[in-house]
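Chemist: I'd like to ask you about the structure that follows.
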Amino acid sequence: MYSEKVMDHFQHPRNVGEIEDASGVGTVGNAKCGDIMRMFLDIDDETHIIKECKFKTFGCGAAIATSSMATEMVKGKKIEDALKITNKAVMEALDGLPPVKVHCSVLAEQAIKAALSDYYRRKGIDPEPIVGKTCEGCCDSCSH
């Protein structure tokens, strides 16, 4: 049912935790499925490189695995490259997800965007022209 990569990221998640004084924090969730993701970013203001990325997720194994993979995918990237990460890219990096778990990859993408939106808001910049809308109706409670 789940790929080896999904199982690995579920059983040995990378980058779990919080970043104190994070540059941006994004929380997305879906009360219908019970998954809630919070992503923390530490961004270098001069280079716009994401130096560190951590997450805390309450949810199923697929939610934990997609959160873990998403943090691996954004760490070390420039903001503009992190914004290009899609739920499809997260799923592909995990060698796929069952159809009923695709929403977990959508939440992972939205958590990245929500954290980057928070970063821009903290800088006094309207994030929507840069990040776009951070929720397309997939979430019941987002931090934006």
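The values are calculated or read from the model by the stated rules, or taken from the named source; none is laboratory data. Computed from a predicted structure; not experimentally measured. FYI the Cβ positions are ideal-geometry reconstructions off the backbone, even for glycines, and counts take in every protein chain you see. Heads up: the accessible areas ignore ligands, DNA and RNA and are worked out on the full protein's heavy atoms, side chains in. Shrake-Rupley method; radii C 1.70, N 1.55, O 1.52, S 1.80 Å.
Chemist: Of the conditions (1) touching a helix residue (DSSP H, G or I) at 6+ places or on another chain (Cβ under 7 Å); (2) within 20 Å of LEU97 (Cα to Cα); (3) open to solvent by 70 Å² or more (accessible area, probe 1.4 Å), THR57 clears all except one; give me its number.
Modeler: Result: THR57 passes all but (3).
Chemist: While we're looking at this one, here's another question. Could you please find all residues in segment 28-55 being of a type in the set (Val, Ile, Thr) and in contact with a Cys (Cβ under 7 Å, 6 or more places away or on another chain)? Give the derivation first.
Modeler: In the first step, residues of segment 28-55 are kept if they are of a type in the set (Val, Ile, Thr); the result is 28, 36, 43, 47, 49-50.
Correct list: VAL28 only.
Chemist: Among the residues of segment 27-36, is any touching a helix residue (DSSP H, G or I) at 6+ places or on another chain (Cβ under 8 Å), touching a residue at least 24 places away in the same chain (Cβ under 8 Å) and surrounded by fewer than 16 Cβ atoms within 10 Å (Cβ to Cβ)? Working first, answer last.
Modeler: Step one: list which residues in segment 27-36 are touching a helix residue (DSSP H, G or I) at 6+ places or on another chain (Cβ under 8 Å), which gives 27-30, 33, 35.
Those left that are additionally touching a residue at least 24 places away in the same chain (Cβ under 8 Å): 27-30, 33, 35.
With the extra rule that they be surrounded by fewer than 16 Cβ atoms within 10 Å (Cβ to Cβ), the set shrinks to none.
Checked against the condition, which is being touching a helix residue (DSSP H, G or I) at 6+ places or on another chain (Cβ under 8 Å), touching a residue at least 24 places away in the same chain (Cβ under 8 Å) and surrounded by fewer than 16 Cβ atoms within 10 Å (Cβ to Cβ), segment 27-36 yields no hits at all.
Chemist: While we're on this one: List every residue pair whose Cβ atoms lie under 9 Å apart, where the two residues are 6 or more positions apart in sequence or sit on different chains, the first residue falls within segment 62-78 and is in a loop (DSSP other than H, G, I, E, B), and the second residue, located anywhere, is among the β-branched types (Val, Ile, Thr) and open to solvent by less than 10 Å² (accessible area, probe 1.4 Å).
Modeler: The qualifying pairs are LYS75/ILE50; GLY76/ILE50; LYS77/ILE50.
Chemist: Mind checking which residues of segment 65-83 are surrounded by 24 or more Cβ atoms within 10 Å (Cβ to Cβ) and touching a Ser or Thr at 6+ places or on another chain (Cβ under 8 Å)?
Modeler: Hits for segment 65-83 are THR66, SER67.
Chemist: Determine which single condition LEU97 fails, assuming it passes every other condition in (1) more than 28 Å from ARG122 (Cα to Cα); (2) among the aliphatic types (A, V, I, L, M); (3) in contact with an Asp or Glu (Cβ under 8 Å, 6 or more places away or on another chain).
Modeler: Of (1) more than 28 Å from ARG122 (Cα to Cα); (2) among the aliphatic types (A, V, I, L, M); (3) in contact with an Asp or Glu (Cβ under 8 Å, 6 or more places away or on another chain), only one is false for LEU97: (3).
Chemist: Based on this model, can you work out whether PHE40 counts as surrounded by fewer than 18 Cβ atoms within 10 Å (Cβ to Cβ) and of a type in the set (A, V, I, L, M, F, W, C)? Give the steps one after another, and end with the answer.
Modeler: Numbers: surrounded by fewer than 18 Cβ atoms within 10 Å (Cβ to Cβ): no; of a type in the set (A, V, I, L, M, F, W, C): yes.
The answer is no for PHE40.
Chemist: Here's a follow-up. Filter segment 26-44 down to residues that are modelled with pLDDT under 95 and of a type in the set (D, E, K, R) and give me whichever is nearest to ALA65 (Cα to Cα).
Modeler: It comes out as ASP35.
Chemist: Please determine whether any residue of segment 93-106 is touching a helix residue (DSSP H, G or I) at 6+ places or on another chain (Cβ under 7 Å), aliphatic (A, V, I, L, M), within 14 Å of THR27 (Cα to Cα) and modelled with pLDDT under 95.
Modeler: Taking every residue of segment 93-106 in turn, at least one turns out to be touching a helix residue (DSSP H, G or I) at 6+ places or on another chain (Cβ under 7 Å), aliphatic (A, V, I, L, M), within 14 Å of THR27 (Cα to Cα) and modelled with pLDDT under 95.
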